[in-house]
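The numbers here are math on the coordinates, done by the rules we state, and not lab data. Just so it is clear, the structure is predicted and the values come from calculations on it, not from any experiment. Every residue, glycine as well, gets a Cβ built from its backbone with ideal geometry; the counts of neighbours run over all protein chains shown.
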Amino acid sequence: MPSLFDSIRFGDIEAANRVVMAPLTRDRAGPNQVPTPLMATYYGQRASAGLIVSEATQISPTAQGYLDTPGIHSAEQVEGWRHVCDAVHGKGGKIVLQLWHVGRISHCSLLPGGAQPVSSTARPARAKTFTAKGFEAVSAPRALDRTELPGIVEAYARAARNAIAAGFDGVEVHSANGYLLEQFLRDSINDRHDEYGGSRENRVRFPVEAVAAVAAEIGGGRTGLRISPVSPVNDAGQDSDAQGLFEHYIDRLAPLRLAYVHVIEGATGGARDVAPFDYEALRRRYKHSNPGGAWVVNNGYTRATAIEAVAQGHADMVAFGKPFIANPDLVHRLRIDAPLTTPVMATFYGGGAEGYTDYRALPDAAAS
Ligand code: 8OZ
């Protein structure tokens, strides 16, 4: 059986080890949501991860939901990301961009012309976002007309094209954590009566269209997907049949031969047993139809559980989030079983170098 520290090829991507840096929102983009040189330093410091998944990045101006998150829809943003990709590649790492549309998890003050957020539904989420005024309740959304959906699908494809132009090794479509694609997937949110709501066949329609457009643009072998089948974050509730829904979703995506599926097990950043779900059944289904793709797991893994998950074949790769904030040399530390630095929560979101690029690698990190 393979080890967490073995190289792996999945889709068209090759990684030096099976430790993934999970996407982490840090709210440090510059004016016009352009990635900064400090962000290039931060990602470059973490290039020994087998694969870095960038922080969630809005595909268009209307896809934004938090202050100072980066975009991938302008030439200036592509240029900023190019420095990030160069920093990671210069150290032999791999990095994909996470494509994000927040849907109803947004605030008018963050949207062009003070517009209302958009969603599958007009029902507001009981959730907060981070604006120029601090934490604020999200604004009430309007339900998208079906005639608007092709424009959003095109924005996903364009953003993927921009990501490749910036130098990314691929993209990860954010289909988790109660954002736009999950607002269509789950019957706890989606209350539509057209062909994008109702049955699970209808509810997966828009997310499948979005992922298919990305795969058509850059290749399925450079396209990953992140899901969180039972995470209740962002007022997502629980689907009445999460197992059936996500099995159907994975089946519909099988022809795309996605590079990987990245699953948050349980509540994002919280309890792993928040609701029953058979992840192993979903993994087998994905791998059966897509043996060249990787199954990436996430949420609260430790060195021991990550090593075991890969050794037992329950995962091809394991993603770590918060540990990567405070341990730029996480792979080395896991390899030698060194103690991990604890991240400081006060500097997770916004600010500058403090709590971002000032976490140190171990003195012997270069040896790994
Ligand atoms: C934390 C703060 C803001 C956004 C997610 C993109 O949960 C996020 C996010 C996390 O997927």
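Assuming R0 = 25 Å, what is the FRET efficiency of ASP337 and ASP358, from their Cβ-Cβ distance, to the nearest 0.05? Provide the component values of the computation, followed by the final result.
Values: r = 24 Å, r/R0 = 0.97.
Efficiency for this residue pair is about 0.55.
Within the set of other residues whose C-beta is less than 15 Å from the C-beta of GLY114, count the net charge using Lys and Arg as +1 and Asp and Glu as -1.
Details: positive: LYS133, ARG142; negative: GLU136.
Once all neighbours under 15 Å are counted, the net charge is +1.
Under 18 Å between alpha carbons, and skipping anything fewer than 8 positions from LYS133 in its own chain: which aspartates and glutamates qualify?
The qualifying aspartates and glutamates are ASP27, ASP68.
List VAL263, VAL20 from most exposed to least, where exposure is judged by having the fewest other Cβ atoms within 10 Å. Don't skip to the end; give the middle numbers.
Details: VAL263 26, VAL20 29.
Ascending Cβ contact count within 10 Å gives the list VAL263, VAL20.
Per 0.36 nm of contour for each residue apart, how much would the distance between ARG126 and ARG272 grow if the chain were fully extended, relative to their Cα-Cα spacing? Please list the in-between numbers first.
Values: separation 146, 0.36 × 146 = 52.56 nm, distance 2.22 nm.
Roughly 50.3 nm would be gained on extension.
Which shape class applies to region 262-313: rounded if a/c is under 1.5, otherwise prolate when a/b exceeds b/c and oblate if not, where a ≥ b ≥ c are the square roots of the Cα gyration tensor eigenvalues?
Values: a/c = 2.19, a/b = 1.34, b/c = 1.63.
Taking the square roots of the gyration eigenvalues as a ≥ b ≥ c, region 262-313 is oblate.
Within the set of other residues whose C-beta is less than 11 Å from the C-beta of PRO31, count the net charge using Lys and Arg as +1 and Asp and Glu as -1. Please report the intermediate quantities before stating the final value.
Numbers: positive: none; negative: ASP68, GLU76.
Here the count lands on -2.
For LYS287, give me every one of the lysines with a C-alpha distance below 27 angstrom, ignoring sequence neighbours fewer than eight places off in its own chain.
LYS94
Below 13 Å, Cα to Cα, which aspartates and glutamates can LYS322 reach? Residues fewer than 8 away in the same chain don't count.
Cross-link targets: GLU55.
Please order GLU136, GLU280, GLU55 by the number of other Cβ within 10 Å, starting at the fewest. Before the final figure, lay out the partial values.
On the way: GLU136 15, GLU280 12, GLU55 22.
Final ranking by Cβ density, sparse to dense: GLU280, GLU136, GLU55.
Nothing charged except the Cβ atoms of Lys and Arg (+1) and of Asp and Glu (-1): what's the magnitude of the dipole of the chain about its Cα centre? Round to the nearest 20 debye. List each step's numbers first, then the result.
Details: 36 positive and 39 negative charges, 37 e Å.
The calculation lands at about 180 debye.
At q = 0.12, 0.16 Å⁻¹, what is the base-10 log of I(q)/I(0) for region 1-131 according to the Debye formula with one equal point scatterer per Cα and no solvent? Please give it to two decimals.
Values, matching the q order: -0.52, -0.82.
Taking only the Cα atoms of region 8-367, how large is their convex hull per residue, in Å³?
On the way: hull volume 43.2 nm³, N = 360.
Taking only Cα atoms, region 8-367 has a hull volume of 120 Å³ per residue.
From the P(r) of region 298-338, could you give the percentage of C-alpha pairs in the tail past 17 Å?
Values: 210 of 820 pairs.
Counting pairs separated by more than 17 Å, the tail of P(r) holds 26 percent.
Using +1 at the Cβ of each Lys and Arg and -1 at the Cβ of each Asp and Glu in region 8-367, identify which of GLN312, SER106, ALA127 lies farthest towards the dipole's positive end.
Looking along the dipole axis, the top candidate is GLN312.
Please report the net charge: other residues with Cβ closer than 11 Å to the Cβ of PHE130, K and R +1, D and E -1. Kindly include the intermediate steps, with their values, before the conclusion.
Values: positive: LYS128, LYS133; negative: ASP27, ASP68, GLU136.
Every neighbour counted, the sum reads -1.
For a footprinting-style exposure proxy, rank TRP81, TRP100 by other Cβ within 10 Å, fewest first. Can you show the working numbers first?
On the way: TRP81 28, TRP100 33.
In order of increasing Cβ crowding within 10 Å: TRP81, TRP100.
When a/c reaches 1.5 or more, the comparison of a/b and b/c decides; with that in mind, is region 57-137 rounded, prolate or oblate per its Cα gyration tensor? Working shown, then result.
Details: a/c = 2.37, a/b = 2.31, b/c = 1.02.
Cα axes put region 57-137 in the prolate bin.
What percent of all Cα-Cα pairs in region 104-206 falls into each 10 Å bin, going from 0 up to the bin containing the maximum distance?
That works out to 14, 40, 34, 11, 0, in percent per bin.
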